[in-house]
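Student: Can you keep this structure in mind? I'll have questions shortly.
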Amino acid sequence: TVTSPGPGDGKSFVSSRLALALADAGYRTILVDGDVRRGRQHHVFDRPRRPGLIDHLQGRATLPDVIQTTAFGPLDLITCGARAPQGPELLGTTAMTDMLAQLRTRYEAVIVDSAPMAGAGGPFVLGAPTGNLLVVVGPGYTHPAAMNPELLVLDPQTPPPPGVLVERRWAGRRNSTD
């Protein structure tokens, strides 16, 4: 699970580039857009937003229906799907845990682009079933207090981040979108 303290820190950029790097190295990779309120991976890969993650979690689409191929060989994509008021809550369901378990059997790398930590709890809900939490910060953009490691783990069910990735692409750019 890739997250950041707030919007605009570069987590979606890092998620997509990490997935591309793994695919380029020959790993069968899937990128899941778990930012169900502001997901943008469908724009990055020029794919339709629906059907996607929320459609699957609501039972309106099967897993094969939501897995989209990309132009990048062994990289597949699950977009965020339909916008739904209960979207963030669906990330904590057994349907999400079951989906991630199925994806692990089909792919060598599963990357989940999550909502920012300042959002509705998505990264903390997703961090437990994925087993990892990578926090992306942007120097000159992320508030220094948000980079304090003690603030990064707010839920005892979420694994501590293995580290914090400093994303320099956004340095000094306060009006960008994540």
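Bear in mind that the values in this text are calculations on the coordinates, not laboratory data. Note that the structure is predicted; figures quoted are calculated from it, not measured. Every residue, glycine as well, gets a Cβ built from its backbone with ideal geometry; the counts of neighbours run over all protein chains shown.
Student: Be a star and scan region 42-57 for residues whose amide nitrogen sits under 16 Å from the point 7 Å along the Cα-to-Cβ vector of residue 102.
Tutor: 51-57
Student: Provide Rg and Dmax in Å for region 1-133, with only Cα atoms included in the calculation.
Tutor: 13.0, 38
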